[in-house]
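Asks: Dropping a structure here in structure tokens format, bear with me for questions.
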Amino acid sequence: MIIVGGVPFESNSTDQGSSDLVALMEHPVLVSTSLSFKAIPEKKFSISDTYSDEVEKKRHVYVFQREYATVDPTLVDLIGTDEATTCVGVVIRNRDNGMTSVAHMDYPAIVDHGLSQMLEKLVDCKHESEMDVHLIGGFEECPNKHDEHTQLRSKAPNDHSFPLCAKIIEAFVRSTVKFHIHTLFVLRHNTKIGTVGNALPIFSGFLVQTRTGSIVSATFDQTTRCPDELVRRIRVSASFSDSQWRNKLLETYDTQTDQFIIAPCYWSIRLVHMASYLQQLPDEEILHTCSTSPYAEAPDFIDNQKRMWNYLIQYPNWKESFKLGKPRIFARTVSGGWMMVEQAHEAAS
């Protein structure tokens, strides 16, 4: 069930959420919140930047593509994600206790199971659950192809964001949970035209204050996309061929212990060979081969891809990274960083 501005939203959709998405995109309350969200300057989140004094005092959790994490506001101050171009970042926060779940969803088939994963630690079966929701990401790749209303309904071959957004809305409508949507900064609301006339997302990430539920647009850097950045990036590609992760969000973070527990994911020798091949391509070809939105990627996209391929070539056997098939476990240090817990010791215990 969807609620906007305190009023239940009346669904008229018989087309997998498409009509409801169009209606919500035009809802006066959500149009107003989109304009307000766009007006707030984007925050650059880095341990070493001008926010360092503030950041070092804050405990944060970062979510990569196809991951999710549910955090307790007594243990975690900030949670966020970025690098979402055609993907959508989903925030669901329990109004009663502040428990907050963030997911970085990248294709429609992941939505139903992914939503269940997010709600598992949020919904209290003994009480009626009401959730605050924010959706950010997913821009309009062909904004000039149709007029304002037609383009929302467009499902061109390169239109990745619309089906994903529609599926998320459909899942909310069908749920018995009450979802109060506060931010719907997707599609045309999140689209601008670049200097060469190509469409770009206005924002590709966000940061949530867990205690208050406030949200701002944000970008992260390598110092804050921790821990275990490269292995977590590799799992995104590897999970396509690992049946245990089919249509699921990748498990990353343990809510109760405030530890990152990176669940193991198998990667094939084929993926390693592909990494060797891709590594030889010119940068322009890498963009077009590895991205659904080659003209919208961040400046560090190619470097991140190459670092990931180097890791695969160095560790072609996935069991070298996930020893004994056990998760990679990271505990938070006193200074706010992360320290890996020995997998062999964990397996023995």
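Asks: Using +1 at the Cβ of each Lys and Arg and -1 at the Cβ of each Asp and Glu in the chain, identify which of Ala84, Ser217, His189 lies farthest towards the dipole's positive end.
Replies: Of Ala84, Ser217, His189, it is Ala84.
Asks: Provide the packing ranking of 31-44, 290-303, 66-79, i.e. peptides ordered by the mean count of other C-beta atoms within 10 Å per residue, highest first.
Replies: 66-79, 290-303, 31-44
Asks: Follow-up. Based only on other Cβ atoms within 10 Å, what is the fewest-to-most ordering of Val196, Val133?
Replies: Val196, Val133
Asks: With each pseudo-label sitting 7 Å past Cα toward Cβ, what's the Tyr315-Glu284 distance in nm, one decimal?
Replies: Taking the simple label geometry, Tyr315 and Glu284 are separated by 3.5 nm.
Asks: Provide the packing ranking of 100-109, 243-252, 280-289, i.e. peptides ordered by the mean count of other C-beta atoms within 10 Å per residue, highest first.
Replies: Packing order, densest peptide first, comes out as 100-109, 243-252, 280-289.
Asks: How large is log10 of I(q)/I(0) for segment 229-284 at q = 0.14, 0.17, 0.25, 0.31 Å⁻¹ when the intensity is taken from the Debye formula with one equal scatterer per alpha-carbon?
Replies: The computed values of log10 I(q)/I(0) come out as -0.48, -0.65, -1.03, -1.25.
Asks: Using packing as a proxy for protection, rank 178-187, 89-98, 269-278 so that the peptide with the highest average count of other Cβ atoms within 10 Å comes first.
Replies: Ranking, from highest mean packing down: 178-187, 89-98, 269-278.
Asks: Within segment 183-211, what residues put their amide N at less than 15 Å from the label point 7 Å along the Cα-to-Cβ vector of Glu26?
Replies: 188-189
Asks: Place a label point 7 angstrom from the Cα of His273 along the Cα-to-Cβ direction, then list the residues of segment 294-320 whose backbone nitrogen is under 17 Å away.
Replies: Output list for this probe position: 312-314, 316-318.
Asks: In the chain, which whole DSSP H runs stretch at least 18 Å along their own axis (Cα) and average -1.0 or higher on the Kyte-Doolittle scale?
Replies: 161-174, 301-314
Asks: In bins 20 Å wide, starting from 0, what share of all Cα pairs of the chain does each bin hold, as a percent?
Replies: 30, 60, 10, 0
Here, each number is a calculation from the coordinates, and none is a lab measurement. These numbers come from a predicted model, not from an experiment. Glycine gets a Cβ as well: all are built from the backbone with ideal geometry, and neighbour counts include every protein chain shown.
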